1. Within the range 58-71, how many residues are modelled with pLDDT of 80 or more and exposed (fewer than 15 other Cβ atoms within 10 Å of the Cβ)?
2. I need every pair where a residue in the range 119-137 that is among the charged types (D, E, K, R) has its Cβ under 9 Å from the Cβ of a residue that is more than 8 Å from the ligand (Cβ to nearest atom) and part of a helix (DSSP H, G or I), sequence separation at least 6 or different chains.
3. For the range 213-249, which positions are within 14 Å of the ligand (Cβ to nearest atom) and more than 21 Å from A264 (Cβ to Cβ)?
4. Name the one entry in D194, D252 that is more than 11 Å from the ligand (Cβ to nearest atom), crowded, with 17+ Cβ neighbours inside 10 Å, part of a helix (DSSP H, G or I) and acidic (D, E).
5. For the range 133-156, how many residues are open to solvent by 30 Å² or more (accessible area, probe 1.4 Å) and assigned to a helix (DSSP H, G or I)?
6. Looking for whichever is open to solvent by 20 Å² or more (accessible area, probe 1.4 Å), within 16 Å of the ligand (Cβ to nearest atom) and within 28 Å of S180 (Cα to Cα) here; the options are V83, V102. Which one fits?
7. Looking at (1) of a type in the set (A, V, I, L, M); (2) open to solvent by less than 30 Å² (accessible area, probe 1.4 Å); (3) within 12 Å of the ligand (Cβ to nearest atom); (4) in contact with a helix residue (DSSP H, G or I) (Cβ under 7 Å, 6 or more places away or on another chain), which one does M282 not meet, given that it meets all the others?
8. Are any residues in the range 208-249 part of a helix (DSSP H, G or I) and small (G, A, S), and if so, which ones?
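The values are calculated or read from the model by the stated rules, or taken from the named source; none is laboratory data. Owing to the predicted nature of the structure, the values given are computational and were not obtained by experimental measurement. Cβ placement follows ideal geometry from the backbone for every residue including glycine, while neighbour counts extend to all protein chains displayed. These area figures cover heavy atoms from the full protein model, side chains too; ligands, DNA and RNA do not enter into them. Shrake-Rupley method; radii C 1.70, N 1.55, O 1.52, S 1.80 Å.
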Amino acid sequence: MAVVTVMAFGAVTAPTSVQAQQVNPTAQSITEDKLFQALQGDQMVAGRVSIPDDQASGLIKPGNKSWAGTHTGTVRFLTVAAVVSAVVVLALFYMIRGRIMVDGKMSGIRILRFTAIERFAHWLMAGSFIVLALTGLNLVLGRTLLLPLLGEGTFSTLTVWGKLAHNYVGPAFMVGLLLSFLVWVAHNLPNKVDAEWIAQGGGLLKKGVHPPAKKFNAGQKVIFWSVTLGGAALSFTGVMLLFPALAGGQADWQLFQLIHGIVAAVLSFVIIAHIYIGSVGMEGAFDAMGSGEVDLNWAKEHHSLWVEEVQAKSGDKSMTSKGAHPAE
Ligand code: HEM
């Protein structure tokens, strides 16, 4: 302000030699001059704070602007690529292969595939992930896609609520992720049958091909570990973004932001494919997470070794009773 005052004074009235002597380049104007000089470089302009978060003392860091540009560009590109390619790949798969049907007829005999606790863990994780994915998508692409459609007022309200939801639903996802990990990790360790399943393309590409599988096949194990590791990375970086004081330096915080965006995009691709195959893509699959029970013929075609294990445990070879057998 002092600089502006001095300049304006000089511009409006030509200073006499006495006035010129009176124009005192004060300490404040010198400070401001330094500040403007600092803004030309990549130096951080920082003040002082009495809270534990040192980062909060940073007023302006010009380098952040160019960093934010690169970060936003990378994450936006990956997000669009992930969503568009998932939709295109699945549409092509549907056109070529159609819905995967049970080859034999449905038997009418139900077998318990997932207990209530397994389904609770799945839906807690899945429901919260979907909220996080949609609200996150809005943060990355909303300004381009939704703002022109909704207008500033509605878009702003939506984004403020969306960001709050993103922050507060995160912990629910972490609980669901941990529970799912605990109930399923033992079934997701690699074994010999996985190689055969992969060699036969999981039976997904050709009708009538049903490679043997235990409770989870190799494809599902890929989903499980992607969700577990990707979800853990998202959780960790998400907590760092929420509490910057924990994140170490600013460079670490920026790295966490980048990782958060990239992992979210990649995991979204995987999850879109998973949702397709667990609902419209495969006849009888949704029941496993809906009622928890699947048709015996579905189970024999997709998880033959698991059916044998359940039969051996229950001692019921025929599985003719309508009653549900516990999943091992
Ligand atoms: C509307 C959305 C969803 C539907 C319809 C759905 C459906 C299913 C079904 C039917 C299964 C059991 C498959 C079987 O019997 O073998 C399953 C398993 C699983 N789901 Fe989901 N799911 C959804 C969303 C999600 C989300 C968002 C996640 C993770 C963030 C997720 C993670 C898993 C995992 C890790 C498994 C076990 C491994 C596997 O079967 O691939 N699901 N889901």
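1. The initial filter retains those residues of the range 58-71 that are modelled with pLDDT of 80 or more, namely 67-71.
Pick out the ones that are also exposed (fewer than 15 other Cβ atoms within 10 Å of the Cβ) and you get 68-70.
Residues flagged as modelled with pLDDT of 80 or more and exposed (fewer than 15 other Cβ atoms within 10 Å of the Cβ) within the range 58-71 amount to 3.
2. none
3. A213, K214, K215, F216, N217, A218, G219, Q220, K221
4. Details: D252 fails: crowded, with 17+ Cβ neighbours inside 10 Å.
On inspection, the qualifying residue turns out to be D194.
5. The total comes to 16.
6. Values: V102 fails: open to solvent by 20 Å² or more (accessible area, probe 1.4 Å).
Of V83, V102, the one residue that is open to solvent by 20 Å² or more (accessible area, probe 1.4 Å), within 16 Å of the ligand (Cβ to nearest atom) and within 28 Å of S180 (Cα to Cα) is V83.
7. (4)
8. First, pick out the residues of the range 208-249 that are part of a helix (DSSP H, G or I): 218-242, 244-247.
Within the range 208-249, A218, G219, S226, G230, G231, A232, A233, S235, G238, A245, A247 meet the criteria.
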